[in-house]
Amino acid sequence: MSEPTLPVAVSSDWLREHRDQVVLVDSRWYMDGRSGREAHRAGHVPGAVFADVDTDLAAPASPDGGRHPLPSAEDFARSLGALGIGDTTTVVVYDDAGGSVAARMVWMLRALGTPAAFLDGGLQSWTGPLEEGEVTVDPVHRTAIPWPTDRIVTTEELREELSAPDRLLLDARVYGRFTGAEPAPVDARAGHVPGARSAEWPANLGPDGLLAAPEALRERFAALGADSARTVTAYCGSGVTACHDLLALEHAGYGHTRLYPGSWSRWGGDESLPLETGDPRA
């Protein structure tokens, strides 16, 4: 499978210059229950289609899969086709949360070899007028491609790898949720997968709210042990913001990265699985 040639993030200037060459996707989503679709209707970058994290980018929640399991290859292909994204389409995705939501779709597409990037700075970086209402497009054919097994880790595989010294596990949630000091009401238990390192996704951004430079990210992830790891796996609450870490790792030049889609919603929801609280490395 060929690697996408598009960088993981593009600027608003780049988007203006290449607007007619990409499908632009609005993937806003809110943990507090606000509707991303309603936000899209109220005002979006002109021509942007809306992708729903819960339905277009995930299978139904379940105890075995967590809150946002990856959809089947066939379901994802149908969702992409309905959005006008075909086999050779280049895609740019935005949100209003530092790329933390847009990263999910970008990672999914890049894992399948599709050129995709998130809009650096998100909707806030767009200085042109916004468009209201729904955006409809003609559906296109999209071939179903199986998820590459070397980019995904199951709960069973992760459990077997807990003691492996050459595997690095990164937790993309904010630090308080990693330590368990700030339990989220959506999670059954507080804490993190044993042996995980805290790599909260906001630290991938610079003071300007844009994705940090590759050398800065390289230094960050090297300090967490990425240089000596054979594989680096990321997880979060439900497999969404973990993708921001994975894209930041790619931006920094790291390969052999993987997503644990079930994330804490799957691991923490199973009383038979071990957990840790606090941060022994602090």
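Directionally averaged projected area (the chain, Cα convex hull): 13.9 nm². Between residue 140 and residue 224, the distance separating the two model label sites (each 7 Å from Cα on the Cα→Cβ line) works out to 3.4 nm.
Over region 91-175, the hull volume per residue, using the convex hull of the C-alpha atoms, is 170 Å³.
With protein chains left intact and a 1.4 Å probe, residues in region 82-167 average 45 Å² of accessible area per residue. Karplus-based coupling profile of region 112-124, in residue order and whole Hz: 9, x, 8, x, 8, 8, 9, 6, 5, x, x, 4, 5, with θ = phi - 60° in 6.51 cos²θ - 1.76 cosθ + 1.60 and x standing for Gly or Pro. Rolling a 1.4 Å probe across the protein heavy atoms gives region 201-282 an accessible surface of 40 Å² per residue.
Largest mean-square fluctuation among 54, 95, 138, in a Gaussian network model of the chain whose springs join Cα atoms under 10 Å apart, belongs to 138. Select from 159, 34, 258 the residue whose mean-square fluctuation is largest in a Gaussian network model of the chain (Cα-Cα springs shorter than 10 Å). Among 159, 34, 258, the largest GNM mean-square fluctuation belongs to 34. Placing dummy labels 7 Å off each Cα toward the beta-carbon, the span from residue 55 to residue 38 is 1.5 nm. Solvent-accessible area assigned to carbon and sulfur over the chain amounts to 52 percent, based on a 1.4 Å probe. Largest mean-square fluctuation among 176, 98, 262, in a Gaussian network model of the chain whose springs join Cα atoms under 10 Å apart, belongs to 176.
Our coupling estimate for region 176-187, obtained by passing each phi through the Karplus curve with A = 6.51, B = -1.76, C = 1.60 and θ = phi - 60°, is x, 6, 4, 6, x, 6, 10, x, 7, x, 7, 9 Hz, Gly and Pro reported as x.
The values are calculated or read from the model by the stated rules, or taken from the named source; none is laboratory data. Remember, predicted model here, so these are calculated numbers, not experimental data. Methodologically, a virtual Cβ is constructed for each residue, glycine included, from the backbone with ideal geometry; neighbour enumeration extends over all protein chains shown. For accessibility, only protein heavy atoms count, side chains too; no ligands or nucleic acids. Shrake-Rupley method; radii C 1.70, N 1.55, O 1.52, S 1.80 Å.
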